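Structure, as structure tokens:
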Amino acid sequence: MSAGVLGKARGLLAGAQDDPMIRNAFYLMLTTVTTAAMGFVFWLITARLYDVDDVGRATSLTSAVTLLSYFSLIGLGYSLVRYLPTSRAPGDYVSSALIAVTAAGVVGSVLLLAVIPVVSPEMSFVNRSWETMATFVVLATTSALKLLTDSVFVACREARWNFLINGLLMGVVKIALPVLFIPYGAMGIFVAQGLASVVGAVASIAAIRWKLGVPLRLRFRARLLRETLPYSMGNYVTSGLNLVPLMVIPVVVLEGDGPAAAAGYFIAFQIATVINSISFAVGESLFAEGSHEDRSLGALMRRSAAVMLVATVPVVAVVVLLARFVLTIFGPEYVDTATGTLIVLALGAFPVAFHTWTSFLIKITRQLRSMVAAELVFAVVTTILAALAAGRGTVWVAVAWGVGNAVSGIVAAVALRRRPAQVAAEPVGSAS
């Protein structure tokens with residue numbers, strides 16, 4: 001009997017290895033875990049080597065650049081995943097996207113440099129000289145390019161390169177560099193991270209060209225991007241709406257519940273983000289597979305939902321059971337302020353998974369209005385409920401997060417039922 005069970009287990013494992021959706025999802029999850037671990041080590045090192053004020057300024061600048069990088073993608077990351085698998089001019093399509101994101105990154109970086117002295121004088125160290133400003137523009141733009149190359153690997157069913165480059169190569173480089181830039185303070189911390197992105201971007205472009213066989217060249221074909229412009233802009237808007245609660249809730253908690261509660265909520269949310277990365281990894285893999293002409297969307301829907309559930313349930317159970325112990329690592333004050341919040345956010349992984357699953361299905365079926373409507377509902381419902389919960393404890397803010405995700409998922413699911421899936425799309429570059 002045990003031999004039969006082992007045989008079935010080996011069969012299931014072999015099937016998973018042959019399934020590109022599961023394989024891609026596995027590497028994306030592995031990338032998230034490895035990147036988080038390397039990031040933890042990086043900040044632990046910088047905390048020991050640099051003044052605490054410099055670390056604080058660097059974290060603020062890093063957050064701003066992360067946000068800038070996502071906006072600099074101008075929706076092209078999702079468009080590549082959706083249209084690259086069937087494109088008849090993959091090299092020109094990727095090359096044009098890289099050039100467009102470079103231009104957007106430069107413009108966005110310059111604009112950010114212009115407003116930093118006004119909105120955040122603490123980050124004005126990047127404006128000290130032409131050298132620091134030029135360095136900032138280059139590193140911030142490269143960060144956006146690195147995000148775009150991640151989408152190329154996902155689209156080509158080669159997420160293992162995300163793990164090898166993001167998780168391993170960039171992590172090792174980032175950990176090794178802080179000791180070299182101590183005299184430069186906060187700017188040194190930022191440069192250490194930025195140079196890791198430069199290394200990652202160069203390695204990614206090399207892998208895309210020579211390992212994936214996509215012929216990249218300095219050629220910008222605006223027509224290829226115009227073909228997918230509505231889709232890109234729809235994703236650009238939805239990405240912005242999705243970020244609204246992430247930007248607003250920390251401020252709401254700080255003003256309504258105080259600094260200690262804000263710190264507890266931040267830690268609890270970071271742990272929950274690792275849990276939620278499971279559903280997002282599966283969703284991204286579903287998105288890539290659904291964009292290939294030879295895949296049955298119905299079967300992918302069922303299999304991806306099952307994988308999300310099977311992978312999420314045990315992790316949520318562990319975090320709920322060990323919430324107090326996990327928070328003890330950060331200090332007793334976090335146990336007092338964030339245990340209930342962490343448990344609610346962990347349980348909220350299920351509505352987050354539902355929201356993620358339905359949102360990627362809408363991306364596959366190219367229902368642009370429904371994409372925007374679902375994310376608008378998420379932004380409005382989550383933000384309003386969090387504002388109403390402010391002052392009543394962060395547990396209720398965590399409830400608001402779960403409810404917002406659930407309602408958004410329902411809106412997307414209704415849209416999917418009302419409009420049968422139309423997956424097939426005109427290949428990019430098919431027109432003469």
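Overview of values
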read-out	value
Size descriptor, Kirkwood hydrodynamic radius, that averages inverse alpha-carbon separations across the range 149-240, Å	15.5 Å
With every protein chain in place, the chain: carbon and sulfur % of accessible area (1.4 Å)	69 percent
Length-normalised contact order for the range 141-231 - Cα pairs under 8 Å, 6+ apart - percent	36 percent
Label point 7 Å beyond Cα of S129 along Cβ direction - residues of the range 179-194 with amide nitrogen under 18 Å	180-192
Reciprocal of mean inverse Cα separation for the chain (Kirkwood radius, Å)	22.7 Å
Convex hull volume per residue in cubic angstrom - Cα atoms of the range 105-209	103 Å³
Computed over the range 52-106, Cα set: Rg, Dmax in Å	15.4, 52
The range 219-283: Rg to Rh, with Rh as the Kirkwood radius over Cα pairs	1.21
Shape box of the range 215-371 [Cα atoms, principal axes, largest first, Å]	57, 34, 32
Potential extension, F71-R219 segment - 0.36 nm per residue separation minus Cα distance	51.0 nm
The chain, relative contact order in percent, only Cα pairs under 8 angstrom and at least six apart counted	21 percent
Estimated translational D of the range 27-179 in µm²/s (Stokes, Kirkwood radius over Cα pairs; 20 °C; 1.002 mPa s)	128 µm²/s
Three-way shape call for the range 291-402 based on the alpha-carbon gyration tensor, with the a/c threshold at 1.5	oblate
Length released on extending from V119 to A47, taking residue separation times 0.36 nm less the Cα-Cα span	23.4 nm
Segments 304-314, 157-167, 387-397 sorted - mean Cβ within 10 Å per residue, highest first	157-167, 387-397, 304-314
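The values are calculated or read from the model by the stated rules, or taken from the named source; none is laboratory data. The structure displayed is predicted, hence computed values, not measured ones. Cβ: placed from backbone, ideal geometry, glycine included. Neighbour counts: every protein chain shown. The accessibility values were calculated without ligands, DNA or RNA, using every heavy atom of the protein model including side chains. Shrake-Rupley method; radii C 1.70, N 1.55, O 1.52, S 1.80 Å.
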